Amino acid sequence: MAKRSVSILLPAYNEASGIKHFLDQELSPTLKNLPYNFNLIIVNDGSTDDTLAEIKSSSVIKQFQTTIISFTKNFGKEISMSAGLKYSGKTAAVIMLDCDGQHPVSAISKMLAKWENGAKIVTAIDLHKRTKHKLGSKLFYKMMRLTNSPGIHEGAMDFRLLDRSVVTEFNRFTEHNRITRGLIDWLGFPQEYIKVSTLKRASGTPTYSTKKLAALALDSFVSMSTTPLIFFGYVGIFITLVSLPLGLFILIEQYILGDPLGLDWSGAVAMSLLISFLVGLVLISQSITALYISHIHAEAKNRPLYVIDHSKSSNLKGA
Ligand code: UDP
Ligand code: MG
């Protein structure tokens with residue numbers, strides 16, 4: 001039987017210090033032992049160091065059909081993965097993983113086995129949750145689960161296998177503010193999971209700062225759910241339900257019955273409390289609405305998702 005073809009998608013940003021070692025010493029030996037026709041897609045996400053030269057000097061270029069997509073500047077990992085999926089040709093599946101050595105290549109064969117058994121999406125779950133943003137990521141998953149976003153699995157990584165049918169659907173997304181994981185989950189295909197132990201970064205430094213991650217978390221929250229809007233609607237209902245009887249109580253107790261309890265409410269106090277509370281509420285709901293409007297604004301501009309530097313890319317076949 002002819003070997004099935006599988007793409008390996010690797011986003012790379014300033015990984016000069018370790019990418020060659022990863023490609024030659026980790027990825028290549030693993031892939032060579034597996035009975036598939038592997039096709040590498042390496043997205044050089046506007047690296048400012050020698051990442052591109054390191055990729056081109058790696059021996060994988062000769063061993064596997066390799067496509068290099070080189071962006072004109074740094075567009076971010078999420079966009080890199082989208083570009084890689086667009087240019088993944090017609091391979092039967094795509095496996096995406098980081099090239100900093102943190103995603104264990106040994107899991108690739110397990111993913112393929114699940115895929116052979118019919119899985120459309122195989123997602124790696126981080127056993128150790130080896131992230132320096134433990135609290136932040138916990139909070140993020142909690143928030144996402146509280147919202148109506150479909151089945152986000154805690155510890156689910158970007159390390160995934162997607163069947164071609166999933167990639168085809170994914171490539172139909174047109175939005176710019178995109179979190180790959182969230183969009184894949186949104187497609188609704190059943191997922192299978194494998195547990196992996198993420199490794200320490202082999203070299204270099206992670207480029208996702210806390211600030212960048214927080215922005216990403218906020219973005220995905222806003223782009224994946226309308227719960228904040230609904231939530232503040234509930235807060236509004238709650239406040240009305242509380243303030244109405246309280247207001248009626250003051251009205252009846254003080255002004256109709258003549259203050260039999262001797263509470264002596266000052267009208268100014270009651271009013272100013274009520275007003276400042278409502279102003280706060282309006283401000284919060286307004287800022288949430290503004291967030292949504294900012295997203296609409298970003299989408300309305302409809303800029304190209306990425307720009308490829310064709311002089312540095314190779315093997316690109318239309319997408
Ligand atoms: N990456 C990218 N573009 C970026 C930032 C990162 O393509 O703007 C790549 C990076 O080279 C690595 C992967 O995305 O292969 C994960 O990045 P990193 O290790 O910095 O993040 P973390 O491991 O903290 O998720
Ligand atoms: Mg990393």
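Cross-link pairs exceeding 22 Å in C-alpha to C-alpha distance, out of Lys3/Lys62; Lys56/Lys312; Lys114/Lys212; Lys138/Lys212; Lys3/Lys114, comprise Lys114/Lys212. Note on Glu192 and Leu261: the extension gain reaches 18.4 nm, defined as 0.36 nm multiplied by sequence separation minus the Cα-Cα distance.
Computed from phi, the 3J(HN,Hα) profile of the range 186-201 under the Karplus parametrisation 6.51, -1.76, 1.60 (θ = phi - 60°) reads 4, 4, x, 5, x, 10, 10, 10, 10, 8, 10, 9, 5, 9, 6, 4 Hz, with x in place of Gly and Pro. Taking trypsin sites (Lys or Arg not before Pro) in DSSP loop conformation with at most 16 other Cβ atoms inside 10 Å as exposed sites, the chain has its longest uninterrupted site-free stretch at 202-311. Which of Gly236, Gly247, Gly101 moves most in a GNM of the chain, Cα contacts under 10 Å? Answer for the Gaussian network model of the chain: Gly247. A simple charge model with +1 on the Cβ of Lys and Arg, -1 on the Cβ of Asp and Glu and nothing else charged puts the dipole of the chain at about 1300 debye relative to its Cα centre. Note on the chain: with a GNM built from Cα contacts shorter than 10 Å, the maximum mean-square fluctuation among Ala53, Ala217, Ala124 falls on Ala53.
Computed per residue of the chain from DSSP H runs no shorter than four, each worth -39500 (n - 2.57), the mean residue ellipticity at 222 nm is -13500 deg cm²/dmol.
Only alpha carbons enter this Debye calculation for the range 44-120, each as an equal point scatterer, and the log10 of I(q)/I(0) it gives at q = 0.28 Å⁻¹ is -1.46. Sequence-ordered 3J(HN,Hα) estimates for the range 157-163 from the Karplus curve with 6.51, -1.76 and 1.60 and θ = phi - 60° stand at 10, 7, 6, 9, 10, 10, 5 Hz, glycine and proline given as x.
As a length-normalised measure over Cα pairs under 8 Å and 6 or more apart, the relative contact order of the chain settles at 22 percent. Computed from the Kirkwood radius of its Cα pairs, the Stokes-Einstein diffusion coefficient for the chain at 37 °C and 0.692 mPa s stands at 146 µm²/s. Whole-percent P(r), the range 156-299, all Cα pairs, 10 Å bins from 0: 8, 23, 23, 17, 12, 10, 6, 1.
Within the straight-line cut-off of under 20 Å between alpha carbons, the aspartates and glutamates reachable from Lys20 are Asp45, Asp49, Asp50, Glu54, Asp98, Asp100, sequence neighbours fewer than 8 places apart in one chain being disregarded. In order along the range 253-261, the phi-based Karplus estimate (6.51 cos²θ - 1.76 cosθ + 1.60, θ = phi - 60°) of 3J(HN,Hα) comes to 4, 8, 8, 9, 8, x, 6, x, 8 Hz; Gly and Pro are listed as x.
Using C-alpha pairs under 8 Å with a sequence gap of at least 6, the mean separation divided by the residue count of the range 1-81 gives a relative contact order of 40 percent.
Comparing Gly136, Gly258, Gly155 in a Gaussian network model of the chain where C-alpha atoms under 10 Å apart are linked, the largest mean-square fluctuation is found at Gly258.
Taking other residues whose beta carbon is less than 15 angstrom from the beta carbon of Leu52, and scoring Lys, Arg as +1 and Asp, Glu as -1, yields -2.
A straight chain from Lys62 to Ser294 at 0.36 nm per residue would run longer than the Cα-Cα distance by 79.0 nm.
Read the figures in this text as sums done on the coordinates, not as results from a lab. Keep in mind that what you see is a predicted model, and the values were worked out from it rather than measured. Counting neighbours? That spans all protein chains shown, and the Cβs are built from the backbone with ideal geometry, glycine included.
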